[in-house]
Amino acid sequence: MMNTVSDIAVSGVGFALPILVAASGELVSERAGVLNLSLEGMMLTGAFASVLGAVATGSAVGGLAAGLAAGVLFGLLQALLSVTLRADQIVVGIASNALALGATTYGARLLLADGKGQNAPGFAALEIPLLHRIPILGPALFSQTALGYFCFAVVGLLAVTLSRRTRAGLVVDAVGEDAKSADWSGLPVRKIRYLCVLVAGLTAGLAGAQLALSEVRSFSDNMTAGIGYLAVVAVIAGRWRALGVIWASVFFGIAQALQFALPALGVSVPFALLVMLPYVIAIVAVSGFIRNSRSPANLTVAFARAS
């Protein structure tokens, strides 16, 4: 029984980490007033670029750099449309995800054919002495790859530097709550929103690279399979707070792990229901938490300086 619980914890953290990394950047962007439904497309593009970069350079680090660059470029496009051109953020997100799915599918056929996208150079697991022997949590938290530990560090860095107790965090919140008042006080609203969207793009690219280079070491069509949407929901379910986002991401990760654990435990559940499980839980989580939380007042509201 202990081994089964440990296996679920390992799988749960493995599934949760890409969600958490992407959600940590999305939290920053949403606090500044910009919703990125395109997070799914950003992650998928980051995964594709990281595998392509790893294959081209023969290096996992090269693949990581490519994934991060792809995420930032995608974020720049999102910021251009949402912040500069003031396009509807929901429409931009849906369209961007469709574009990313088509572009990466075509790119894989063109550039990763004949098995080139399989067994790409990736990051090996690095066990931390003694800590990895802690029951249940040890193998899940302290047997990660170097990229996995880096992901944890990025999440922690964002949570600390942009908390509501720091000047940077208060500036982000001011822009997301009342952009016009923030502008009148002298804050560069558009610049701040651009930077926050780029942070979301960077973390989404990192999440895609973690998924592709640490977990599966390959690229397949639509390999994110809704993880980006779960990251957006994690921000909502976490009430736009870092600790809540962490718990929501872990919750969704374990829900995904149960897809494989329940059959192994002899629990007879239709496979289609297991696939639906994380998303059903996401809907329930949002329905339960949204009543007790308030989103940033200017979320999805385009800013235009009064003439």
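The values are calculated or read from the model by the stated rules, or taken from the named source; none is laboratory data. Small disclaimer: the values here were computed from a predicted structure and weren't measured. Methodologically, a virtual Cβ is constructed for each residue, glycine included, from the backbone with ideal geometry; neighbour enumeration extends over all protein chains shown. What goes into the accessible areas is simple: the full protein's heavy atoms, side chains included, and nothing from ligands, DNA or RNA. Shrake-Rupley method; radii C 1.70, N 1.55, O 1.52, S 1.80 Å.
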Over its alpha-carbon atoms, the stretch 141-195 yields an Rg and a Dmax in Å of 15.3, 49
Dividing the alpha-carbon radius of gyration of the stretch 113-271 by 2.2 N^0.38 Å (N being the number of residues), what value is obtained?
-> 1.27
Which of these, D173, D114, D221, has the largest mean-square fluctuation under a Gaussian network model of the chain (Cα springs below 10 Å)?
-> D114
For the stretch 1-68 and the stretch 116-165, what is the separation of their C-alpha centers, rounded to whole Å?
-> 12
Cα-only Rg/Rh for the stretch 1-73 with Kirkwood Rh rounds to 1.11
With the cut-off at 17 Å, report for the stretch 4-150 the share of all Cα pairs above it, as a whole percent.
-> 67
Given a 1.4 Å probe and every protein chain left where it sits, what share in percent of the accessible area of the chain is carbon and sulfur?
-> 69
To the nearest 10 Å², what's Y106's accessible area with a 1.4 Å probe?
-> 150
With a 1.4 Å probe and every protein chain left in place, tell me how much accessible area R164 has, in Å² to the nearest 10.
-> 90
Using a 1.4 angstrom probe, figure out how much accessible area the chain has per residue, in square angstrom, rounded to the nearest whole.
-> 47
Local electrostatic count at F123 - Lys and Arg +1, Asp and Glu -1, tallied over other residues with Cβ under 11 Å | 0
Summing -39500 (n - 2.57) over the DSSP H runs of n ≥ 4 in the chain and dividing by its residue number, what mean residue ellipticity at 222 nm do you reach, to the nearest 500 deg cm²/dmol?
-> -22500 deg cm²/dmol
